[in-house]
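Below is one structure, written out as C-alpha cells; comments come after it.
The values are calculated or read from the model by the stated rules, or taken from the named source; none is laboratory data. Quick caveat, the model's predicted, so the values are computed rather than measured. Virtual Cβ from ideal backbone geometry, glycine too; neighbours counted across all protein chains shown. Heavy atoms of the whole protein, side chains included, go into the accessibility calculation; ligands, DNA and RNA do not. Shrake-Rupley method; radii C 1.70, N 1.55, O 1.52, S 1.80 Å.
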Amino acid sequence: MKIKIVLLALLLLGIVLPSELFAQTQYANPDASRMRLLLAKIEDCNTDITDAEAEIETFKKIDSEASLALYNQLKKNVRIATKCKKASQKEYDDLRADYEGWFGDETSVMSVDRQRITSAWLNQYLIAMISYYGAMYIVFNGIAVPEH
C-alpha cells in the first residue's frame with residue numbers, strides 16, 4: 001500500500017510539475033499576432049513619415065509658389081504621422097505592460113515571420129521611428145505659412 005501511494009505521488013509530480021513549467025514558458029512570450037500588428041504599425045508610421053518628409057522637401061523647393069492649400073495638406077499629413085506615432089507608442093506600451101517579464105529579460109527571443117525579435121531590438125526599432133518623426137516635425141515647424 002505504501003508503495004502504491006509513493007508511486008501515485010511520484011506519478012502526479014511527474015505529470016503536474018512538467019505541465020506547470022511548460023505552461024509558464026509557453027506564455028512568457030508576447031502573442032505573435034500582437035507583435036505582427038505592432039511591427040506593421042511602426043512600418044506604416046515609417047512610410048507616413050518618409051512621405052511627409054518628401055512632401056516637406058518638395059514644399060521647400062517651391063516655397064515662393066506654394067499655396068495655403070498645399071501647406072494645409074502638408075499639415076494634415078504631419079498630423080497623420082503624429083497619430084500613427086501615438087498609436088504605435090500606445091500599442092508598444094500596452095504590450096510592454098502585459099509582458100513585463102519578456103521585456104525585462106534581455107535574452108528572450110521570439111520568432112515572428114521568420115524574423116528573430118528581441119526586446120532590445122524592438123525598443124531600438126521604436127526609438128528609430130520616433131527619432132525620424134522628431135526630425136520631420138522640426139523641419140515642418142521651420143516652414144513659414146504661405147499668405148495666399
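General remarks:
- Fraction of accessible area attributable to carbon and sulfur, the chain (%, probe 1.4 Å): 60
- With the biggest extent put first, the Cα atoms of the chain measure 97, 22, 21 Å across the principal axes.
- Placing unit charges on the Cβ atoms of the charged side chains and taking the dipole of segment 36-148 about its Cα centre, the candidate lying farthest along the positive direction among Phe103, Gln115, Ala52 is Ala52.
- Surface per residue (accessible, 1.4 Å probe) for the chain, Å²: 68
- Highest to lowest packing among 85-91, 102-108, scored as the average C-beta count within 10 Å: 85-91, 102-108
- Using only side-chain charges placed at the Cβ, +1 for Lys and Arg and -1 for Asp and Glu, the dipole size of the chain relative to its Cα centre rounds to 540 debye.
- Note that segment 105-113 has calculated 3J(HN,Hα) couplings of 9, 6, 9, 6, 9, 9, 9, 10, 6 Hz, one per residue in order, obtained from phi through the Karplus relation 6.51 cos²θ - 1.76 cosθ + 1.60 (θ = phi - 60°); glycine and proline are x.
- Rough spin-label spacing in nm, given labels placed 7 Å along Cα→Cβ, for Ile127 and Glu147: 4.6
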